[in-house]
Amino acid sequence: AQRVTQPEKLLSVFKGAPVELKCNYSYSGSPELFWYVQYSRQRLQLLLRHISRESIKGFTADLNKGETSFHLKKPFAQEEDSAMYYCALSGINAGNMLTFGGGTRLMVKP
Amino acid sequence: GAVVSQHPSWVICKSGTSVKIECRSLDFQATTMFWYRQFPKQSLMLMATSNEGSKATYEQGVEKDKFLINHASLTLSTLTVTSAHPEDSSFYICSARDWSLNTQYFGPGTRLTVL
């Protein structure tokens, strides 16, 4: 069975500090990993996906198959980054359905 | 990006009544839509996968007679909470998959409060 774990429910940092939101997964095969973000009073939206290898809003995430991790990083956090972040996994073994982690609330303090 | 809408955005109803929530993909055809439930400060829990023209696939523990799903067209799926009770109060979110982009787009959610 596929599973996504986000060990931190809350991460609080000061503006300008580096941020790393942890995500670990379990899946037998080659999964596709995503990070979704939900800003206050807004819908869930895709932030980035591992196959794109892109940086969105300064965030990057690298898939580490050895450690089965897909941590989200940003070198300098901004106040507008405060939101709920969800790591998600999709795999052909489960019909390409998204499985979400528990989410991490990022609070960036001024 | 693509847009998924939900209606209503919030609803309050009496215990025992049925509530229908609509999910529409506005600018793409979605053969597959998903219904999630989100409790306060918790993650999204998949309830069911809705496939156009066929029966929905429910996740373990989700009562199919309680949560009726209909996906009659490529742009519309509905979730009907039958005989709602206070424990059904929750935030219901739908998602539609754009297979051409292999991307899921989420609706804004519907907050259901059962008195």
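May I ask you to list the residues in segment A:65-91 that are within 14 Å of chain B (Cβ to nearest Cβ) and under 16 Å from A:Arg49 (Cα atoms)?
Within segment A:65-91, A:Tyr85, A:Tyr86, A:Cys87, A:Ala88, A:Leu89, A:Ser90, A:Gly91 qualify.
Quick check on my filter: what residues within segment A:1-11 are open to solvent by less than 50 Å² (accessible area, probe 1.4 Å) and assigned to a loop (DSSP other than H, G, I, E, B)?
Once the filter is applied, which keeps residues that are open to solvent by less than 50 Å² (accessible area, probe 1.4 Å) and assigned to a loop (DSSP other than H, G, I, E, B), segment A:1-11 yields A:Gln2, A:Gln6, A:Glu8.
Got at least one residue in segment A:35-49 being closer than 21 Å to B:Ser43 by Cα, away from chain B (no Cβ under 11 Å) and outside any strand (DSSP E or B)?
Within segment A:35-49 (the criterion being closer than 21 Å to B:Ser43 by Cα, away from chain B (no Cβ under 11 Å) and outside any strand (DSSP E or B)), the answer is yes, since at least one residue qualifies.
What number of residues within segment B:37-63 satisfy the criterion of being more than 8 Å from chain A (Cβ to nearest Cβ), open to solvent by less than 30 Å² (accessible area, probe 1.4 Å) and within 18 Å of B:Asp98 (Cα to Cα)?
3
In this structure, does B:Arg111 turn out to be touching a residue at least 24 places away in the same chain (Cβ under 8 Å), within 14 Å of chain A (Cβ to nearest Cβ), farther than 20 Å from A:Glu32 by Cβ and charged (D, E, K, R)?
Yes: the conditions hold for B:Arg111.
Does A:Ser55 count as away from chain B (no Cβ under 14 Å), touching a residue at least 60 places away in the same chain (Cβ under 8 Å), of a type outside the set (A, V, I, L, M) and out of contact with any helix residue (DSSP H, G or I) (no Cβ under 6 Å at 6 or more places or on another chain)?
Taking the combined requirement at face value, the residue does not satisfy it.
Given the condition within 14 Å of another protein chain (Cβ to nearest Cβ) and either closer than 17 Å to A:Ala88 by Cβ or under 14 Å from the mean Cα position of the chain (by Cα) (or both), answer yes or no: does some residue in segment B:65-88 qualify?
Looking for residues that are within 14 Å of another protein chain (Cβ to nearest Cβ) and either closer than 17 Å to A:Ala88 by Cβ or under 14 Å from the mean Cα position of the chain (by Cα) (or both), one finds none in segment B:65-88, hence no.
Hey, can you tell me all the residues within segment A:12-32 that are within 13 Å of chain B (Cβ to nearest Cβ) and not in a loop (DSSP other than H, G, I, E, B)?
If the condition is that a residue be within 13 Å of chain B (Cβ to nearest Cβ) and not in a loop (DSSP other than H, G, I, E, B), then A:Glu32 is the only one that fits.
Could you grab me the full set of residues in segment B:77-115 that are assigned to a strand (DSSP E or B) and aromatic (Phe, Trp, Tyr)?
Residues satisfying the conditions are B:Phe91, B:Tyr92, B:Tyr105, B:Phe106.
Is it true that some residue in segment A:70-80 is open to solvent by 30 Å² or more (accessible area, probe 1.4 Å) and in contact with an Asp or Glu (Cβ under 9 Å, 6 or more places away or on another chain)?
Yes, the conditions are met somewhere in segment A:70-80.
Taking segment A:84-110 only, how many residues are surrounded by 20 or more Cβ atoms within 10 Å (Cβ to Cβ) and on the phi > 0 side of the Ramachandran plot?
Residues flagged as surrounded by 20 or more Cβ atoms within 10 Å (Cβ to Cβ) and on the phi > 0 side of the Ramachandran plot within segment A:84-110 amount to 1.
The values are calculated or read from the model by the stated rules, or taken from the named source; none is laboratory data. What you see is a predicted model, and the numbers here were worked out from it, not measured in a lab. In this analysis, Cβ positions are derived from the backbone assuming ideal geometry, glycine residues included, and neighbour counts consider all displayed protein chains. The accessibility values were calculated without ligands, DNA or RNA, using every heavy atom of the protein model including side chains. Shrake-Rupley method; radii C 1.70, N 1.55, O 1.52, S 1.80 Å.
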